[in-house]
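Before any comments, here is the structure.
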Amino acid sequence: MLATQRQDHILAEVRATGAVRVADLVAQLDVSDMTVRRDIAELARAGQVRRVHGGAVAPHATGLAADEPGFAAKRTWAATEKSAIARAALTTIEPGQSIALSGGTTTHLLAQLIAASPQLRPLTVVTNSLPVADVLHHASAPGTAVAVGPLEVILTGGVRTPSDALVGPVADAALARLRVDQVLLGVHGLDAAGATTPNLLEAATDEALIGCAGRLTVLADHTKWGVVGLARIVLLEDVDLLISDDALPGDARTVLERAVGHLLLAPADPTAAAPPSRTPHPTEDPR
């Protein structure tokens, strides 16, 4: 099937139903995930559809920039790539540190790896994510602590979002009193203007997470590129390390290599070579 035929099919689906999912189009068209995303990108550039996380919608659809998928739905999207990013992120954590994990499915995968890594003890984890806290709580329960030290979990209060994060003034106030070595932040969308989320309160709480950390690491799989949420969390220039996967488009790599402190691409294939990273420019902070 030619590209124009695929794009005609996608456009017809959007016009008929208002929205399409990449996973459904892959099955319908019998092509790769990346082929579908390129077709959607072409249609978006022509103004015929609007890209959203996981698919496309009609260009004049209202309210979708503020829509927030639930945790259960998001954990099935780009699962292989998210796992690769979580494995790469684990290597940035050292025993004796205090870290913060935001809400999100990639940070949840990272929490599972932390829970299964006694060599990282002692470790203190601050989080506003209920699923993350649950995973780490079970790993730190009596009888599971290892001799090298404890795993301490600090959960903020706040209002629960559809993605099972705790946000709002209570969470923000709790984070304002804390200091951690590093925050590992999951995001809804990412483009040249920065990282975004559809939830205004979550954006403010994520900013509070960033504010209490000495280092910011953003975890964003390739499907997040070009997706824009209602509220911006942080500028690319303020990101110390961005970890994505090796399916990140070339144009995104170019933008991110110029903007963020360090870009790390994790291979989705766990048998592949170690993820390549960009050597920081001499004028950059090499952290």
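The values are calculated or read from the model by the stated rules, or taken from the named source; none is laboratory data. All values derive from a computational prediction rather than experimental measurement. Heads up, the Cβs are rebuilt from the backbone with ideal geometry, glycines too, and the neighbour counts pull from every protein chain shown.
Data overview
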| read-out | value |
| --- | --- |
| Residue tally, condition surrounded by 23 or more Cβ atoms within 10 Å (Cβ to Cβ) and touching a residue at least 40 places away in the same chain (Cβ under 8 Å), over the stretch 224-238 | 3 |
| Lone unmet requirement of (1) in contact (Cβ under 8 Å) with a residue 40 or more places away in the chain; (2) buried (at least 19 other Cβ atoms within 10 Å of the Cβ) for Ala193 | (2) |
| Residue that is modelled with the lowest pLDDT, among those in the stretch 141-180 that are among the charged types (D, E, K, R) and crowded, with 16+ Cβ neighbours inside 10 Å | Asp164 |
| Every residue from the stretch 43-86 that is of a type in the set (Gly, Ala, Ser), assigned to a loop (DSSP other than H, G, I, E, B), modelled with pLDDT of 65 or more and out of contact with any Pro (no Cβ under 9 Å at 6 or more places or on another chain) | Ala46, Ala58, Ala78 |
| In the stretch 20-50, the residues that are touching a strand residue (DSSP E or B) at 6+ places or on another chain (Cβ under 8 Å) and under 15 Å from Trp225 (Cα atoms) | Val22, Ile40, Ala41, Ala44, Arg50 |
| Hits in the stretch 1-19 (condition: of a type in the set (A, V, I, L, M), in a helix (DSSP H, G or I) and either under 20 Å from Glu81 (Cα atoms) or in contact with a strand residue (DSSP E or B) (Cβ under 8 Å, 6 or more places away or on another chain) (or both)) | Ile10, Val14 |
| Pairs where the first residue, in the stretch 149-162, is of a type in the set (Asp, Glu) and the second is not in a loop (DSSP other than H, G, I, E, B), C-beta under 8 Å, 6+ apart | Glu152/Leu123; Glu152/Thr124; Glu152/Val125 |
